[in-house]
Amino acid sequence: MNALHDPQLLKGVLSPVLLRLVAERESYGYELVQRLHDLGLTGVADGTVYPALARLEREGRVVARLVSSRAGPARKYYRPTPTGYDALLAGASGWRALAGIVTPLFDRPLPDRPARPREED
Amino acid sequence: MTNTLTWLDHLRIEFAIVRVDVMISALSLERQEEILSELRTNLRAASQQMGSARAVRRLGGLRRLARSYLDVEYGDRGPRPRWLIGIIWVFVVEGVLLAVAFAGSQGFVDGVLATDPHASGTYSWHALAPVVGSEDFVFSDGRLDSFGLTLSAPMFAVAAGALGAAVFAIGARAWRCLPQWRHR
């Protein structure tokens, strides 16, 4: 399982990512799934995104409106609220700070083998 | 590429919707409708792109999807009992039983008159006697003059109370008050 398919890794960052996407362009649920896939996050299940949107809406971070569609029933389009913008900024800042610490760690040369147990002093 | 949905696609989508509906029944009807309507829209859009079988599969498990929606609503407190639904169930069940009892007594009257079109005197209907009491019908030359219910009060109170409590508990899903259920 690589990082793009690890639900635990994606879970923590999904809300800020969704906020970022709807901040760029008002979108409905399946459209957001497609945009995530276009980003390369192909491991995100559709069923993860829809409740995440419901949670953001319940927390007042996005608002939704119904827009009629020629392809079928009206679609629910989401856009961020001012609270959502603040959460997006905080989420992006937190992610950068975490990546700033973790990335150099993983960039260090990795030993060929796992370290041996330390001998008692 | 956008494909037109076939009846099989619609059937598959609706089947998934019904399954989710059952699993999120703890939510208010309005909230259920909102969620299912949006889910249907998204599934249709996805099905037009990749076919309904794959679109449903990409939800990643309907049980998990439903649980996620419940988590959004209730957090880790778990679903709550639905007291109002319990009360409604009590009225519905008691109403149905009342209608059945009325139909039974009406059948008894018809039976008496079918046996003797000129029936006179008092006839007692004992079908509900063990629980409710007997019902007496007074006829005069084939005409129903009056009727009355003789309640066996203690049994009636126990039966009505037990039935009402059981229906209320089931309808309201009262077991959700139990700690082990609240943290499921």
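Read-outs throughout are calculated quantities, based only on the coordinates presented, and are distinct from any laboratory measurement. Keep in mind that this is a model prediction, so the values were computed, not measured. Here the Cβ positions follow ideal geometry from the backbone for every residue, glycine too, while neighbour counts run over all protein chains shown.
Distant-in-sequence amide contacts of A:Val62, defined by a placed amide H-H separation under 5 Å and a gap of 5 or more residues or a different chain, comprise A:Glu57, A:Thr81. Over what distance in Å are the Cα centres of segment B:36-68 and segment B:132-172 separated? Going from one Cα centre to the other spans 50 Å.
In whole percents, the pair-distance distribution calculated for the protein assembly as shown from its alpha-carbon pairs, binned every 20 Å from zero, is 23, 35, 23, 14, 4, 1. Peptide A:33-45 has a mean shielding of 1, counted as Cβ atoms of other protein chains within 10 Å of each residue's Cβ. Look at B:Ile13, B:Ile170 and count the other Cβ atoms within 10 Å of each Cβ; fewest to most, that gives B:Ile170, B:Ile13.
May I ask you to derive the relative contact order of chain A, considering only C-alpha pairs under 8 Å and at least 6 residues apart, and to give it as an integer percent? Don't skip to the answer; put the middle values down first.
Numbers: 111 pairs, mean separation 31.1, N = 121.
Reported as a whole number, the value is 26 percent.
Farthest toward the positive end of the dipole of segment B:48-125, out of B:Phe102, B:Ala114, B:Met50, is the Cα of B:Met50, where the dipole comes from beta carbon charges about the Cα centre.
List the DSSP H helices in chain A whose Cα atoms stretch 24 Å or more along the helix axis and whose mean Kyte-Doolittle hydropathy is at least 0.0. Those that clear 24 Å and a mean of 0.0 are A:7-24, A:82-107. Close amide H partners of A:Ser69, meaning residues 5 or more places away or on another chain with modelled amide H under 5 Å apart, are A:Ala74, A:Arg75.
Only one residue of A:Pro111, A:Ala71, A:Ala23 has its Cα farthest out toward the positive end of the dipole of segment A:13-121, where Lys and Arg carry +1 and Asp and Glu -1 on Cβ, and that residue is A:Ala71. In this Cβ point-charge picture (+1 for Lys and Arg, -1 for Asp and Glu), segment A:4-121 has a dipole of about 580 debye about its Cα centre.
Per residue of chain B, the DSSP helices (runs of n ≥ 4 H) give a summed -39500 (n - 2.57) that works out to -21000 deg cm²/dmol at 222 nm.
Per residue of B:55-67, what is the mean number of Cβ atoms on other protein chains within 10 angstrom of that residue's Cβ?
Working: counts 2, 2, 3, 6, 6, 7, 2, 1, 1, 4, 6, 2, 1.
Across B:55-67, the average partner-chain Cβ count within 10 Å equals 3.
Measuring r between the beta carbons of A:Arg108 and A:Thr42 and using R0 = 35 Å, the FRET efficiency lands at 0.75. Charged side chains reduced to their Cβ positions (Lys and Arg at +1, Asp and Glu at -1) give segment A:14-76 a dipole of some 180 debye around its Cα centre.
The ranking of B:Trp175, B:Trp7 by Cβ neighbour count inside 10 Å, starting from the fewest, reads B:Trp7, B:Trp175.
Report summary: the helix-based calculation at 222 nm, which adds -39500 (n - 2.57) for every DSSP H run with n ≥ 4 and divides by the residues of chain A, gives -19000 deg cm²/dmol.
Counting Cβ atoms of other protein chains within 10 Å of each Cβ in A:69-82 and taking the mean gives 3.
Close amide H contacts of A:Gly43 (hydrogens built in the peptide plane, cut-off under 5 Å, sequence separation of 5 or more or a different chain): none are found.
For chain B, the relative contact order works out to 22 percent when only alpha carbon pairs closer than 8 Å and six or more residues apart are counted.
Could you put B:Arg80, B:Arg40 in order, starting from the residue whose Cβ has the fewest other Cβ atoms within 10 Å?
Details: B:Arg80 15, B:Arg40 18.
By the 10 Å Cβ count, ascending, the order reads B:Arg80, B:Arg40.
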